[in-house]
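Q: Got a structure here, written out as structure tokens. Questions coming.
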Amino acid sequence: MNMHIVLVDNPESGSAIPRKELCEKCENANITIDEFVAIGDGFERQLAPFITAGKTIAAIGGDGTVSAVAGLVAGTKATLIPLPGGTLNHFTKDLDIPQDIDEALARLAALSPHAIDIAKVNDTPFINNSSIGLYPTSLRSREQLESALGKWSAAIVASWRAFVSFKTYRVTIDNETFATPFIFVGNNRYELDTAVGTNRTRLDEGVLTVYATKTQSRLTLLKIALFALIGRYKQLDEFEEFFPTAVTIKTGRAALSVSHDGEVSKLTSPLRYVIQPKALTILG
């Protein structure tokens, strides 16, 4: 039976597969692309009628692209097909989706839709993780410096800047309140024995993973900021872990820089993280 999909892609990406080639690959898997929607400004409006109609929406790209589409599909009758196609594909890897696009498409006919969890910080959904404090501060600074200094030099300078100007936040988890300069919140259970962002065995457990440090030692904070930027969390033992369904983060400021699935946004304080159990229907 032929499957019909709406395909969201990022044709401007350097790693993007040309649309003609995508059509051919889908045809080989007995899939018809009824419509292409390019991710970017206004794509939500273009996608809305297909979501309202409960269509099958495929998203090809990295975690940022898939996350943007997943946030729109969650809580609706539409189904998401996550397809790998970017630099970072943590979500599809955690779902055991083949990273070869032809293999990922070929297996779809044998699969059935199933529901998984998605997380939210205020009104912003995320499929992988979010953090505040040292990491988003370092990330924003690194992005500003990378073109001039290169990846590793920018990471070092950004970490130093975050280290010099770090702030603390009041976090409430399971009725315990404490101050921390760094907090990581993941959709479902992450393991810290490997790089954060690449090791979840389930996406339907209905919990958040929270890693936070209560230390305010500047040397330790510099280490955390640098290791976070280069993805070497497995060498850190400074975190306490929690597995709640909701987290509240308070600060004296009106807004905070918050990272979510590789993006950084300014969100209004206080931050309220929640898990939304089985809100996202996927085929993958």
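Q: Which GluC sites (Glu not before Pro) in the range 1-50 pass both tests, a DSSP loop state and at most 15 other beta-carbon atoms within 10 Å?
A: Passing sites in the range 1-50 are Glu12.
Q: What is the local net charge at Asp102, summed over the other residues whose Cβ is closer than 13 Å to its Cβ (Lys, Arg +1; Asp, Glu -1)?
A: -3
Q: With every protein chain present, what accessible area does Lys93 have (1.4 Å probe, heavy atoms only), rounded to the nearest 10 Å²?
A: 110 Å²
Q: Now, a different point. How much accessible area does Glu263 have with a 1.4 Å probe, in Å² rounded to the nearest 10?
A: In the full protein context, Glu263 sits at about 100 Å².
Q: Please give the peptides 274-284, 82-92 ranked by average Cβ packing (other Cβ atoms within 10 Å per residue), highest first, as a rough proxy for protection.
A: Packing order, densest peptide first, comes out as 82-92, 274-284.
The values are calculated or read from the model by the stated rules, or taken from the named source; none is laboratory data. Note that the structure is a prediction, hence the values are computed from the model and not measured. Note that each Cβ is placed from the backbone with ideal geometry, even for glycine, and that neighbours are counted across all protein chains shown. These area figures cover heavy atoms from the full protein model, side chains too; ligands, DNA and RNA do not enter into them. Shrake-Rupley method; radii C 1.70, N 1.55, O 1.52, S 1.80 Å.
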